[in-house]
Structure formats: C-alpha cells, structure tokens
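> Pasting a structure below so you can have a look.
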C-alpha cells in the first residue's frame, strides 16, 4: 500500500470537531508530560507541573518561519556554474519533486501517526513515557515530525550560543516550545506542507541540508529519482547524521536502512517482500557521492569569481551592512549570472599557463583582464596561478585588481600610461603632425605642482628605443619617453592625471594618482583591470563604463533583483579618443618600421595597443584593444619587481637578457585575444577626428616645425638622472634594444637608445 500525498489530506467534519475539542487537552497534557519525561522525577512534581503549564500558556501560538538558508549560484554569461556559495548546502524543492518512497520512509521511521495527530501525538507520548520509565532514562522520544520541524526552525533562527542551546538542549522548556508551536503550525499548514518543510530543513549529514542536497551528495541524483533503498538510507540518517552517514559508516548505515525498510513493510507502504529485496542491496552499489564545493576555490575562473564575491560584499545594493551582504551571498538562494565569457576566460587561462607555467622555476607571474568597450563588462580575468593558500604556483591574491578587492598594491605600468598625456595634448590642441625634439637625455624644468603651482625640481629622462625629433605617430610607435614628457610639460601634470582617473585608473591601494612629472611614463602602481578598462574607454570613443561583473540576479522564486550597471558616461571627446586609437593602431598595424607592437598583429583584425616596460623590467605590460575587446597583460615577480627584475632570467625554459613589453605580455595578449575573438566577425575601428586620420592609410605626415622651447641640456649626453622622480625605461620590440629607423623629413636622431638603471620612486 502506498501512502497518499499528505498535502491533499484534510480531516472530515467529525475529525475537525475532534481536533478542536482536543486542542486544549492535548496542549496541556502533552506539554506537561513531555516536560516530565525529560526532567528527573526526584520530587517537587506539583511545582514543576505548575511551572510547565504557566510556561506553556505564556508562549505565542505561532512560530515565525523565515526562508531557509539556501545556497546561491554564480554563473558565467552562458549559464555554466562558476561557484556555489552557502552556509548550509541546501536546494529547496516542492513535495512533488520528492519521490513517494522518500516521503513514505520519512513518515514510517520518524512519525508513523503523522497523518492522524494534530501536531502532538498523545499515544506516542504515553508510549515513550512508559518505555523511558521502564528503562530508567530517555530511550525513546516523542517528537512528531511537526515538532522536529519546529526544533530545526528554532536552531536555524538562533543567533547566539544561548539560543542554540535552548533549541537543542534536553529541557522541559524546549519541549514545551515545540509542543506549543507544533499545535499552531498544524492550524496554518497542511500535512503535505509540513512534510515538505521538514524534508527541506532536516540535516542528512555530510554537509547536506534538505533532501535534495542529500540525494545529490550521496547518490548524485535528484530527490525525485530516489529508489526505495536510497530513500530508506536517507530517512535513516536523520536520527544520527554522523553515526549513520553511509560514506563514513556504511555497515551501521545499512543496519539503520534495513530498520526503516522493515518499518515501511509493517505499515504497509511496501510489501514484506519488497522490503526484504531492498535490504539485500549492498550499500556500496548505491553510493555515487558528489561534492558541492563552497566558494570560488574549485571554480574554473577563481579570480574572476572572487572579484564577483568582493563586489557584492562591498556594494550597499546587496545589503546595508557587511553581515547582510554576506548573508545575501550565502543564505539567499540567489542565482547570479555574470559577464564572464567562458571562451575568453578559458583561452586566456590556457595562454598564460602556456607562456609561464604556474610552477615555473622563474616564479614569474602574469595576469590578464578583458573588458568589453562600451559596457564595462569584464569578459575574462585570470593569472598563471592556481587558487590556494599554500604550495608552489598558488595564491589567493588577485593580481588583476586593487588591494581592497582582494588584489595587490598594483604594478608600475610603464609606457602604457603614455595614452593619458597623449589625450591631454590632443585635447589642448597639440597637433599629431607637429614634430617635437625628443633627445636623450632631456631635462625638464617647467613642471608645476597641481595644487601650489610651484615648480618641481628638474627631472632628467632618457630614451631606450630612439631619440631625435618625432611626430606623435612615430613617438608612439617607438615609445619615446622624452616626447611624452615634453607634451605633458606643455599640458601640465593635472590634466593627464584627471583623464586617467576619469577612466577608472587609480593606485592599487585605492588612492588617487600622484601628480608627479613621471606620470607620463608610468611610475604609478596600477592594476590590469584598471588599464584594460581605460583602454576600453578609447575603444568606445571616449565613453567610460565602470567595471561590470553581474548581468542579472534572480531570487529563489525566479524574481529579478536590481543590479548596478556600468554608469557609462562620456569622459573624453570622440575626436580625441579616436585620434588616440589611430596612434595606437599604428603601434601594431601601422607602416612605421621598428614599431614596438608589430609582433601583436592579429590577422584580419584591427588592433590598437601599447607596450610598457619599467626600469630593469621590474614590470612589463601590453594593453590594447580591438573594436570588440580591450585587454591588459602584466608580467612580473610577485615577490617584488625591483628586487627580482626580469634581466638575465630564464622563463619557461627560454633565456632572456631582458624582458620587454613586446617580449612576453604582447604575445600573451595577442594569443589570448585570438582565442577570445575566434568565430566573431572582424570589425574595423570607426574613426572620426578633425585631422582626417584613419587606420586605413599609412602615416605620411607633413613636417611641422616644433613650437616647443628645448630644455637646457637638450641633446646633451648626461649619465645621471636628476630630480626626485626617475623614469622607467621605455619599450623595445625585442630584447636586443635595437634602435628603430628615424623619422623621415625632420632632423635625424643622433644617438642610440640608452637605458636608465636608476630605480623609480614607488
């Protein structure tokens, strides 16, 4: 005989009258008797009884039943699971999604009179009292399923050790509460509803809360598909979740399972023959365990996943307090779909590990972030490190993001910063056609403090790729330090810094950028995410969007929640942004011989980008974009770039006399982008500017004499760097430091590149 679905069972008229008439008696009698059962009868029974009745009458007759803690899911944009987060591993399911065998097994072993009583079983209480009196102790309980549900609710609601002890302790007071609330709940919910709630709240051992999580944990299936022996196994666990855990104690669990099966046979839920056959099934043949990990550790995108978690933890949208936001993550049962593109993520992860394996003897690291221009959507975020707190090739620091988001203090960006004085110069009316003397070394004396307007001490900067007189395209292609220092001197420090910050670039510690002369050549410690998003702003024609990692969130009922967007806004005129794109396109795809980014060409796609190399190659970069994706790559040593510079170093079996932006970061960027863009339509840059510049044409500019006054020792060969701010070395396309061809038309460069070995201020 099969048990009818309890949800549909209601007592008839006579039963209703009987229940109403019995409530008063049942409440008092059950409360008193249950209390007496659990307290040693050593005298004073009359006083105890009076106290029990008084406590019972003072309790409210209803129990608050807030939503159960339920695990939340973090998904990639395609719906694949990145991580599961929870305090309790639970997936709530309706009773209809729980197999009949599971419902029957639970009722049979936990409360065989569940369908007959009104929350408190007087027969069961009297039977337990007799048994316990005979044994001289508590051997048999009297809790109904409804009372057990009440206990579990009170345990989940506990916010202190005292409340938890009150919910779990063996006291008359606890039993009184359970009785009172059980009677009240039976007025509010049907039997089916109570059973459903019980099966979703009960703990089944091995970290599984609720029957659905338990079915997946032990058998790797849904609760709807549980067979008779599987259901009996789970039903038997609840009484002692550790002792009857089939993974830990299969023999004891088998004995308990068979007790459940026998009871089901006695009650007619199955035939004796069915129970016997199920009891013969070996436990080992049933078990198909699976583990639901908690957190980002085992995610295929752990650092992106952690950034999502950090984003929620710090955004008041998801709770007014840190505690509320943590509860949102681990109790709410939300489905959080993110911006992550699995193809881009997997391609980038594969690439960084190919170029620098996680356990490479060099201990060098690399990180890359990809961003979609015009939306701020973070498409990929990875590094050549496994997530972990110990062991070679592991870390929990996210090299892509700032310290407050689980990252680091950042790394000096080198010449990737030159886009900001370039934009300021174009904004100020400095023509890209103007040829500007850019000798090496060159001393600058006219930089002024943004706040006080006082002059900075003279600062001397050198070039490593080429020196001479250049227009903007050639200065960018050759990454000429003194050219960009010259235009920054003309615009002032303030505006380049403002432009960078308007694009989300701040120091890795969260502070504003320093207003110092060497801002132009990248002495600031920043993150790959910040640089990728800044370059995405140029790709989006001057529209900046805050980084976005969450597309949408739905609650456990499928209701959407509001989520922050990129708050996109224009921070730079399109004319200026598009001209920067033309300059950066020339670094990669242009016709200028010896350009530093020529190895980063992606066939059939237009690319704009910039290399970056600091002094002694303490950090090397490549940042760039296509119309669809912007990305930034950093390579360095997490132990400290200046303590462990990338000179005379062997990385992944290859020796480098010196690593440059075009040596490792550039190829990592190129290969990662190719994989991310695979299968997408090649798009061209849509360029609009007042100069008529286009990415389609070679650079054939007309020479325009400079209007800039040369610095005092322009063209003179000095060996030292003066002033308080030293420059990082600029870029070279190879590790040879070869000098590219000079610009045609204007005066020719007179000296090869030199290298400044001094250490920039941190």
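Each reported figure results from applying straightforward, stated rules to the coordinates on display, with no laboratory input. From a predicted model like this one, the values you see are computed outputs, not experimental measurements. Using ideal geometry, Cβ is built from the backbone for each residue, glycine included, and neighbour counts are taken over all protein chains shown.
> Would you mind putting 459-470, 440-451 in packing order, based on average other-beta-carbon counts within 10 Å, highest first?
459-470, 440-451
> Using Cα pairs under 8 angstrom and six or more residues apart, how large is the relative contact order of segment 154-229, in percent? If you can, show how the numbers build up before the last one.
On the way: 41 pairs, mean separation 8.9, N = 76.
Contact order relative to length: 12 percent.
> For all pairs of alpha-carbon atoms in segment 387-514, what percent lies in each bin of width 5 Å, listed from the first bin to the last filled one?
All Cα pairs, binned at 5 Å, distribute as 2, 10, 16, 18, 17, 13, 9, 6, 5, 3, 1 percent.
> When the Kirkwood radius is taken over all Cα pairs of segment 363-404, what Stokes-Einstein diffusion coefficient follows at 37 °C and 0.692 mPa s, in µm²/s? All intermediate terms of the calculation are to be shown ahead of the outcome.
Numbers: Rh = 11.6 Å.
In µm²/s, the coefficient rounds to 283.
> Taking only the C-alpha atoms, wrap a convex hull around segment 442-510 and report its volume per residue in Å³ as a whole number. Walk me through the intermediate numbers first.
On the way: hull volume 8.8 nm³, N = 69.
Looking at segment 442-510, the number lands at 127 Å³ per residue.
> Quickly work out the residue 170-to-residue 450 label distance, labels modelled 7 Å from Cα along the C-beta direction, and quote it in nm with one decimal.
Result for the modelled spin labels: 7.0 nm.
> Once Rh for segment 218-350 is found with the Kirkwood sum over Cα pairs, what is the Stokes-Einstein diffusion coefficient at 4 °C and 1.567 mPa s, in µm²/s? Numbers along the way, then the final one.
Numbers: Rh = 18.4 Å.
D = 70 µm²/s.
> Relative contact order for segment 192-262: what percent, with Cα pairs under 8 Å and sequence separation of 6 or more? Present the calculation step by step, with values, prior to reporting the outcome.
On the way: 86 pairs, mean separation 17.4, N = 71.
Value for segment 192-262: 24 percent.
> In what sequence, highest mean first, do 265-278, 173-186 appear when ranked by Cβ atoms within 10 angstrom?
Values: 265-278: 16.2, 173-186: 24.0.
The most tightly packed comes first, giving 173-186, 265-278.
> So what's Rg/Rh here for segment 271-316, counting alpha carbon atoms and using the Kirkwood radius for Rh? If you can, show how the numbers build up before the last one.
Numbers: Rg = 21.6 Å, Rh = 14.7 Å.
With Rg and the Kirkwood Rh in hand, the quotient comes to 1.48.
> In Å and on Cα atoms, what radius of gyration and Dmax does segment 304-362 show?
Cα radius of gyration and Dmax of segment 304-362 are 16.2, 46 Å respectively.
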